[in-house]
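Chemist: Could you have a look at this structure, given as structure tokens, before my questions?
The values are calculated or read from the model by the stated rules, or taken from the named source; none is laboratory data. A quick note: this is a predicted structure, and the numbers were derived from the prediction, not measured. Heads up, the Cβs are rebuilt from the backbone with ideal geometry, glycines too, and the neighbour counts pull from every protein chain shown. SASA here: full protein model, heavy atoms, side chains in, ligands and nucleic acids out. Shrake-Rupley method; radii C 1.70, N 1.55, O 1.52, S 1.80 Å.
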Amino acid sequence: MTVIQIKDIAQYEGQEVTLRGWVYNRTDKGRLQFIQFRDGTGIAQCVAFKKEMSPEAFEIAGKLTQESSVIVTGTVRKDERAPGIPGGYEVGLSKLELVQMADEYPITPKDHGVEFLMDNRHLWVRSTRQWAILRIRATIINAMRNWLDDNGYMLVDTPILTPSAGEDTTTLFKIDYFGEPAFLAQTGQLYNEANMAAFGKVYCFGPTFRAEKSKTRRHLMEFWMLEPEMAFFSLEDLMDMEEQFISHVVQTVLAKHRAELEILERDTSKLEKVVAPFARISYDEAVERLQKLAAETEDPEQKELLQMEWGGDFGSPHETAIAEMFDQPVFVYNYPSAVKAFYMQPVEGRPEVCRSVDLLAPEGYGEITGGSERISDPALIDERIARIGLPREAYAWYLQLRQYGSVPHAGFGIGLERTVAWICGLPHIRETIPYARMLNRKYP
RNA sequence: UCCACAGUAGCUCAAUGGCAGAGCAAUCGGCUGUUAACCGAUGGGUUCCUGGUUCGAGUCCAGGCUGUGGAGCCA
């Protein structure tokens, strides 16, 4: 008895194999049963023919309900008519052992609404689309980490439970830490700066938490973020590195997941173009382009949405409009200091803008990375912390980093789920993570 | 938090203020090549909640709850 995985089925043509898994769908033709059978690695058609099985086994085959668990044995044969993933091969069954006859399964092969599917997320992950997305997610994580590990970056974990980070705790989840307040981390960035000075090029990767009351297709309360931080890196070094990194991730998915991208009906020609170098425009130029576009736009509603004054941050319509000007991801750098974080290095001779850079994904997927050169001057970082009213004592350790061998450094954060949504071409972020935590949902 | 829309069978949806309906799923029967199979039969309802208008409310009105889409905030 050779137990095989469906993804390898082509290697076993003509051989007797055993599959262990679940019934995805079944077509009853009387003395012939077509069972779409999945094992987690793919879907294969199993054909149960009355004359080729024991009467007991054939009777069970004819009663199998959707998602019943079964162990089947039969001979692999090539047949162009056979559907499945990869498809083209089917198994002519000789034996069938029922593990459990499933109750009436709520998710049928027909259409369902969003709420119903999210309520049944624990079952929905078995469906083909979700299966494809989560497999690609796993590969994206793997490709990100491999590229970093292969290019001299070291994984250094940062804490999830953190002390008070300052006066603005409205976007932090507060928890009780033995009678003291503590908060779930919304970034590993500050700890990364300490680790950068210890190891040179580092990154952290883990879940982060934002208690923002955001209700959009691009927000989760719990999402996974990967944040590299590099000593002696300039803004230009950062962009060079990011475009290599992103290209590697996208090209790895293309190489490994053609079948999954096809299930998702993803236009892969758009992904083929994601190869370094990417376009780079300054914030100033982006604003100019948006103003020009707004002036040329006929539709009054669209015109209104594209209104933009220098000094503001981009809204979702702005990001989409800029991204549409390019068929690749585009870097926008030197944002106004006022709309960015306190630790970002001002541009020399022009302190109203800072050495920051966001990477906007094409096709309206918006910002997928945000980063900057950090302030390395101890006096300046001290002043910034004082100016925005952060408690000095809470940041004492962070300020010390500038006293002991301060160096120019830079880093960025990339939101995993937004990256998955973009690469998979999904309309909503809720399908990019196994169990989404959203404004109105924490079940299942 | 704001704006818009929705809530009817397990699911997806119909129903001019006048008998609560279909497809899928389930159950039973038929079929040796199905691709979300097909054909026949059967069972299945607190029409989101509370109150109101009316001879009569799934339908109209008020309030609430839940969800969806968008905005803001952000990765």
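Chemist: Take the residues in the range A:5-20 that are assigned to a strand (DSSP E or B) and within 33 Å of the chain's Cα centre (by Cα), then tell me which one is nearest to A:V125 (Cα to Cα). Lay out the reasoning, then the answer.
Modeler: Here is the first cut: in the range A:5-20, the ones assigned to a strand (DSSP E or B) are A:16-20.
Cutting the leftovers down to within 33 Å of the chain's Cα centre (by Cα) gives us A:19-20.
On the way: A:L19: 20, A:R20: 18 Å.
Per the criteria, the residue is A:R20.
Chemist: Among the residues of the range A:344-358, is any within 16 Å of RNA strand B (Cβ to nearest atom), surrounded by fewer than 17 Cβ atoms within 10 Å (Cβ to Cβ) and either of a type outside the set (G, A, S) or in the same structural domain as A:A421 (by TED's automatic domain parsing) (or both)?
Modeler: no
Chemist: Go through (1) assigned to a helix (DSSP H, G or I); (2) open to solvent by 40 Å² or more (accessible area, probe 1.4 Å); (3) closer than 20 Å to A:M196 by Cα and name the single condition A:I381 misses.
Modeler: It fails just one condition, (2).
Chemist: Consider A:D267 carefully, then state whether it is touching a Phe, Trp or Tyr at 6+ places or on another chain (Cβ under 8 Å), open to solvent by 30 Å² or more (accessible area, probe 1.4 Å) and either closer than 30 Å to A:R355 by Cβ or away from RNA strand B (no atom under 13 Å from the Cβ) (or both).
Modeler: Values: touching a Phe, Trp or Tyr at 6+ places or on another chain (Cβ under 8 Å): no; open to solvent by 30 Å² or more (accessible area, probe 1.4 Å): yes; either closer than 30 Å to A:R355 by Cβ or away from RNA strand B (no atom under 13 Å from the Cβ) (or both): yes.
Spelling it out, it is not the case that A:D267 is touching a Phe, Trp or Tyr at 6+ places or on another chain (Cβ under 8 Å), open to solvent by 30 Å² or more (accessible area, probe 1.4 Å) and either closer than 30 Å to A:R355 by Cβ or away from RNA strand B (no atom under 13 Å from the Cβ) (or both).
Chemist: I need every pair where a residue in the range A:217-237 that is within 27 Å of A:L172 (Cβ to Cβ) and more than 8 Å from RNA strand B (Cβ to nearest atom) has its Cβ under 7 Å from the Cβ of a residue that is in a loop (DSSP other than H, G, I, E, B) and among the aromatic types (F, W, Y), sequence separation at least 6 or different chains.
Modeler: Listed pairs, sorted by first residue: A:P228/A:Y153.
Chemist: Does A:T162 count as of a type in the set (S, T, N, Q), farther than 30 Å from A:L254 by Cα and either away from RNA strand B (no atom under 15 Å from the Cβ) or open to solvent by 70 Å² or more (accessible area, probe 1.4 Å) (or both)?
Modeler: Yes, satisfied.
Chemist: Restricting attention to the range A:88-96, does a residue exist that is among the basic types (K, R), touching a residue at least 24 places away in the same chain (Cβ under 8 Å), more than 7 Å from RNA strand B (Cβ to nearest atom) and crowded, with 18+ Cβ neighbours inside 10 Å?
Modeler: Going residue by residue through the range A:88-96, those that are among the basic types (K, R) are A:95.
Now narrow it down to the ones that are touching a residue at least 24 places away in the same chain (Cβ under 8 Å): A:95.
Restricting the remaining residues to those that are more than 7 Å from RNA strand B (Cβ to nearest atom) gives A:95.
Those left that are additionally crowded, with 18+ Cβ neighbours inside 10 Å: none.
Checked against the condition, which is being among the basic types (K, R), touching a residue at least 24 places away in the same chain (Cβ under 8 Å), more than 7 Å from RNA strand B (Cβ to nearest atom) and crowded, with 18+ Cβ neighbours inside 10 Å, the range A:88-96 yields no hits at all.
Chemist: Any chance the range A:21-28 includes a residue that's in contact with a helix residue (DSSP H, G or I) (Cβ under 7 Å, 6 or more places away or on another chain), within 21 Å of A:M101 (Cβ to Cβ) and either outside any loop (DSSP other than H, G, I, E, B) or in contact (Cβ under 8 Å) with a residue 12 or more places away in the chain (or both)?
Modeler: Let us first name the residues in the range A:21-28 that are in contact with a helix residue (DSSP H, G or I) (Cβ under 7 Å, 6 or more places away or on another chain), namely none.
Checking the range A:21-28: not a single residue is in contact with a helix residue (DSSP H, G or I) (Cβ under 7 Å, 6 or more places away or on another chain), within 21 Å of A:M101 (Cβ to Cβ) and either outside any loop (DSSP other than H, G, I, E, B) or in contact (Cβ under 8 Å) with a residue 12 or more places away in the chain (or both).
Chemist: Could you please find all residues in the range A:29-59 being in a strand (DSSP E or B) and not polar (S, T, N, Q)? Walk me through it before giving the result.
Modeler: The first filter runs over the range A:29-59 and keeps only residues in a strand (DSSP E or B), leaving A:32-38, A:43-49.
Selection gives A:L32, A:F34, A:I35, A:F37, A:R38, A:I43, A:A44, A:C46, A:V47, A:A48, A:F49.
Chemist: Among the residues of the range A:5-35 satisfying the criterion of being at pLDDT 95 or above and polar (S, T, N, Q), which is least open to solvent (accessible area, probe 1.4 Å)?
Modeler: A:T18
Chemist: What about A:V99, is it under 30 Å from A:L261 (Cα atoms) and outside any loop (DSSP other than H, G, I, E, B)? First the steps, then the outcome.
Modeler: Working: under 30 Å from A:L261 (Cα atoms): no; outside any loop (DSSP other than H, G, I, E, B): yes.
No; evaluated as a whole, the condition is false for this residue.
Chemist: Could I ask something else about it? Pairs, please: C-beta under 8 Å, at least 6 apart or cross-chain, first residue of a type outside the set (V, I, T) and open to solvent by 80 Å² or more (accessible area, probe 1.4 Å) and in the range A:105-124, second at pLDDT 90 or above and within 8 Å of RNA strand B (Cβ to nearest atom)?
Modeler: Note: pairs meeting the criteria are A:P109/A:N25.
Chemist: Just checking, does the range A:73-82 include any residue being touching a Phe, Trp or Tyr at 6+ places or on another chain (Cβ under 9 Å), near RNA strand B (Cβ under 7 Å from one of its atoms) and open to solvent by 20 Å² or more (accessible area, probe 1.4 Å)?
Modeler: Scanning the range A:73-82 turns up at least one residue that is touching a Phe, Trp or Tyr at 6+ places or on another chain (Cβ under 9 Å), near RNA strand B (Cβ under 7 Å from one of its atoms) and open to solvent by 20 Å² or more (accessible area, probe 1.4 Å).
Chemist: Hey, among A:A182, A:A231, which residue is small (G, A, S), touching a Leu at 6+ places or on another chain (Cβ under 7 Å) and at pLDDT 90 or above?
Modeler: Numbers: A:A231 fails: touching a Leu at 6+ places or on another chain (Cβ under 7 Å).
A:A182 is the lone residue from the list that is small (G, A, S), touching a Leu at 6+ places or on another chain (Cβ under 7 Å) and at pLDDT 90 or above.
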